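Asker: Let me give you the structure first, and then I'll get to my questions.
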Amino acid sequence: GGPCVNGGCTPKKLMHQSSLIGELINEDARHFGWVSPASAAAAEGEGEAAPPQNVHQWDTMRSEVQSYIKGLNFKYKVSLRDAKVKYVNGLGEFAGEHQMKITTFKGKAKTPKEEIVTFARALVATGGRPPAPPCPGGGAAHPPGGP
């Protein structure tokens with residue numbers, strides 16, 4: 001998935017969509033004939049205008065966004081597998097014209113394991129991270145993929 005899918009563009013767009021839905025439900029829907037029982041009673045003079053009945057549940061939204069992202073990552077891995085692409089998450093350096101030394105980190109101790117792989121074609125996704133901006137508070141900045 002990468003930083004955009006896992007911690008940047010995609011989750012932020014889903015959260016923005018959530019806020020738009022909340023605004024539509026709680027503010028705009030009444031202009032199109034949608035009313036909650038509380039707002040209908042207030043409109044008929046049987047009480048004061050009540051706050052919207054719909055409230056946002058951060059934990060539910062967060063869980064749903066995370067589930068969506070996990071689903072995207074799974075689909076990406078399946079697509080790669082179906083195309084007979086070997087996906088390796090590690091640090092790599094070319095060891096020859098058609099060879100790469102890959103270091104992966106396994107287990108809780110993150111023990112490094114090196115392996116030489118041979119390939120006809122390679123796609124290298126660098127996974128670069130921007131440096132912290134050189135300004136007051138810059139050290140607190142995080143790249144889209146998280147700290």
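Asker: So if I average 1/r over every pair of distinct C-alpha atoms in the range 59-141 and take the inverse, what Kirkwood radius in Å does that give?
Answerer: That comes to 16.3 Å for the range 59-141.
Asker: How about the range 56-114: which trypsin sites (Lys or Arg not before Pro) there are in a DSSP loop, with at most 13 other Cβ atoms within 10 Å of their Cβ? Write out the running numbers ahead of the final one.
Answerer: On the way: sites: Arg62, Lys70, Lys75, Lys77, Arg81, Lys84, Lys86, Lys101, Lys106, Lys108, Lys110, Lys113; in loops: Lys84, Lys86, Lys108, Lys110.
Passing both the DSSP loop test and the Cβ count: Lys84, Lys86, Lys108, Lys110.
Asker: Can you give the extra length, in nm with one decimal, that the chain gains between Thr111 and Ala132 once fully stretched, where that is 0.36 nm per residue apart less the Cα-Cα distance?
Answerer: So the chain would gain 4.8 nm between Thr111 and Ala132.
Asker: Using alpha carbon centroids, what distance separates the range 102-131 and the range 60-82, in Å?
Answerer: Cα centroid to Cα centroid, the span is 21 Å.
Asker: Pop out the ³J(HN,Hα) list for the range 96-104 in order, Karplus 6.51 cos²θ - 1.76 cosθ + 1.60 with θ = phi - 60°, rounded to Hz; leave Gly and Pro as x.
Answerer: Computed from phi, the couplings for the range 96-104 are x, 4, 10, 9, 9, 8, 10, 10, 10 Hz.
Asker: Hey, if we sort Trp34, Trp58 by accessible area with the 1.4 Å probe, largest down, what's the order? It would help to have the intermediate numbers written out before the result.
Answerer: On the way: Trp34 185, Trp58 135 Å².
Descending order: Trp34, Trp58.
Asker: Using a basic spin-label model with each label point 7 Å from the Cα along Cα→Cβ, how many nm lie between Phe94 and Ser63?
Answerer: 4.9
Asker: Separate question: Quick check: pseudo-label points 7 Å beyond the Cα along Cα→Cβ at Val85 and Gln17, how many nm apart are they?
Answerer: 2.3
Asker: Ignoring ligands, DNA and RNA, how do Leu123, Leu80, Leu72, Leu24 rank by accessible area with a 1.4 Å probe, largest first?
Answerer: Largest to smallest exposure gives the sequence Leu123, Leu24, Leu80, Leu72.
The values are calculated or read from the model by the stated rules, or taken from the named source; none is laboratory data. Being a predicted model, the structure only gives us computed values, none of them experimental. All Cβ positions, glycine included, derive from the backbone under ideal geometry; neighbour counts span all protein chains shown. Side chains included, ligands, DNA and RNA excluded: accessible areas come from the protein's heavy atoms. Shrake-Rupley method; radii C 1.70, N 1.55, O 1.52, S 1.80 Å.
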